[in-house]
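Presented below is the structure to which this report refers.
What follows draws every value from the coordinates through simple rules; no lab data is involved. For clarity, every value in this text was computed on a predicted model and none was experimentally measured. Glycine gets a Cβ as well: all are built from the backbone with ideal geometry, and neighbour counts include every protein chain shown.
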Amino acid sequence: WSSDVCSSDLGAPRAIGARTVAVERLFPAAELAAGTMRLVWPSGRAVLVVNAGGVIHAVDGVCTHEYCELDRGFLSPASVTAPTITCPLHLSRFDLGTGEALDPPAEAPLGVHRVSVDDDGWLLLHDD
């Protein structure tokens, strides 16, 4: 494999209990068709947003083994029970629901992020 394959709007913070949770508006949910993904950079960090069979997932957007942006990777078919993303560089595979690294060489999991859709149909990323 060649390494050359890998080279928003901010929402207002919301107070929850004694802590503040930032909510960032990403893009209209309708722009993310089933079976597609988009890499976004809220607050300067890479987050991969995936529509896996109508369920929206958000995970860290860079492989934990070696720097590679995962939007260049491969999504599992919609028919699988636990959707995955495969890094194109060394073929590490990650569970989109848990972030777990399923195949080496990656051992560390991806961070998983909570997303929702607001009343205007935009995807929101919750930093909690």
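Loop-located chymotrypsin sites (Phe, Trp or Tyr not before Pro) in the stretch 40-106 (DSSP state not H, G, I, E or B) with no more than 16 neighbouring Cβ atoms inside 10 Å: Tyr67. Dividing the convex hull volume of the alpha-carbon atoms in the stretch 39-128 by its residue count gives 95 Å³ per residue. One decimal place: the segment Leu124-Trp41 gains 28.6 nm when fully extended, by the rule 0.36 nm per residue minus the C-alpha distance.
With a cut-off of 8 Å between alpha carbons and a minimum separation of six or more residues, what is the relative contact order of the stretch 18-88 in percent?
About 21 percent, as a whole number.
Between Gly61 and Ala46, Val47, Leu48, the built amide H atoms are under 5 Å apart, and every one of these is 5 or more places off in sequence or on another chain.
Distance from the alpha carbon centroid of the stretch 37-90 to that of the stretch 109-128 works out to 14 angstrom.
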